[in-house]
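Structure record follows, encoded as structure tokens.
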Ligand code: ADP
């Protein structure tokens, strides 16, 4: 079979693998296979600028078509890989055809978790991960008046912020006791609860949907497990994603909350790597195996694998960082705060410009910043290694974080 690199999945991670392979000087064939019919595009704007009407859905592409031609990146868009034949080093495509590989990179990403209730896919219930889903949601919003957002994580809250700016009635339903609990600490959760409330969004914490109520072919409301019924003509569910590991599993590769990879992001088959949302790796920032869903993780892991294939292998060790935009609050997170024992606030939460630094056993774990980009950038450098920043220094507003960055 002809060799080269086959990349399964054309999201941010898959695209970046192709881009970085050429940037690293890899000269063999590269084939990018993607299920969606579009050229590789960015997902973050879908729930931010696009939903706010500030960015066109046609402007989310990562590179124009000419880029792929110039760089000899063969695109197989609108195609799915059906299976991997590890012995013969080839993938079989749905609908026929096969591609041989020297290296296969699994960048298969994730899919929406569906609401575990009756009528979860009724017309009027929307999800938001793809361009097509964004387009349908925007169509639905044209005529909607009352919107129920299910899930108080990043997607749900970005949607709530955008939709409320159009003057619609919005309720967010979140079963946990606080917002964005997976990713941030209590101070940030409380700040964002207040932020949404001030913009007229009602946040129902500790409540889960029990049933989507339909009528006349659409949605008329959501019954909660608290007994309350919320009227709604449009429901958006942002309740997390599930990694797409089926191809890897069927090929006998190990899956542990994601396709398990080593420090070089290789699966147990030396010819197969996994990157981005679908991959789980051991991170010094997570105290064990983690699976991260972020642009940073997709891009940096792709660069790492491209370096490995092009002959400059280095272990993956990037500082995780994330962001979310809601109203005028840019929340930037660096590191992983899970398991912290001390939290230190810099600045005034009420001012809408503050950071929270998380420590465990005296060591900095993570920093969340709201409208303090300088703190975020300093935090990324502090977390990269060798920082001696103490909680007392962090709490001292006159202490400059950047002075603790190792030379
Ligand atoms: P995303 O990035 O897709 O928003 P997050 O993990 O940040 O994903 O947020 C998902 C949110 O959805 C979490 O706050 C979680 O508690 C909430 N959630 C999960 N399952 C349900 C459910 N069945 N009903 C309502 N909310 C849910």
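Values quoted throughout were computed directly from the atomic coordinates according to the rules given, and no laboratory measurement underlies them. Bear in mind the structure is a predicted one, so any value in this text is a computation, not a measurement. Cβ placement follows ideal geometry from the backbone for every residue including glycine, while neighbour counts extend to all protein chains displayed.
Brief remarks follow.
- Every condition in (1) under 30 Å from residue 7 (Cβ atoms); (2) away from the ligand (no atom under 13 Å from the Cβ); (3) surrounded by fewer than 16 Cβ atoms within 10 Å (Cβ to Cβ) is met by residue 240 except one, and the failing one is (2).
- Filter result for residue 302 (exposed (fewer than 15 other Cβ atoms within 10 Å of the Cβ) and touching a helix residue (DSSP H, G or I) at 6+ places or on another chain (Cβ under 7 Å)): no
- Hits in the stretch 343-378 - residues which are surrounded by fewer than 21 Cβ atoms within 10 Å (Cβ to Cβ), outside any strand (DSSP E or B) and more than 22 Å from the chain's Cα centre (by Cα): 349, 350, 351, 352, 361, 362, 374
- Of the residues making up the stretch 98-128, those that are more than 13 Å from the ligand (Cβ to nearest atom), in contact (Cβ under 8 Å) with a residue 24 or more places away in the chain and in a loop (DSSP other than H, G, I, E, B) are 101, 102, 107, 108, 119, 122, 123, 124.
- Residues of the stretch 258-271 include none that is within 14 Å of the ligand (Cβ to nearest atom), touching a residue at least 24 places away in the same chain (Cβ under 8 Å) and touching a strand residue (DSSP E or B) at 6+ places or on another chain (Cβ under 7 Å).
- Output for the stretch 138-165, where each listed residue is away from the ligand (no atom under 16 Å from the Cβ), within 15 Å of residue 326 (Cβ to Cβ) and in a loop (DSSP other than H, G, I, E, B): 165
- Qualifying residue in the stretch 43-56 (condition: surrounded by fewer than 19 Cβ atoms within 10 Å (Cβ to Cβ) and assigned to a strand (DSSP E or B)): no
- Among residues of the stretch 218-237, those that are away from the ligand (no atom under 13 Å from the Cβ) and more than 26 Å from residue 47 (Cβ to Cβ), counted: 3
- Test: residue in the stretch 24-34 that is exposed (fewer than 15 other Cβ atoms within 10 Å of the Cβ) and outside any strand (DSSP E or B): yes
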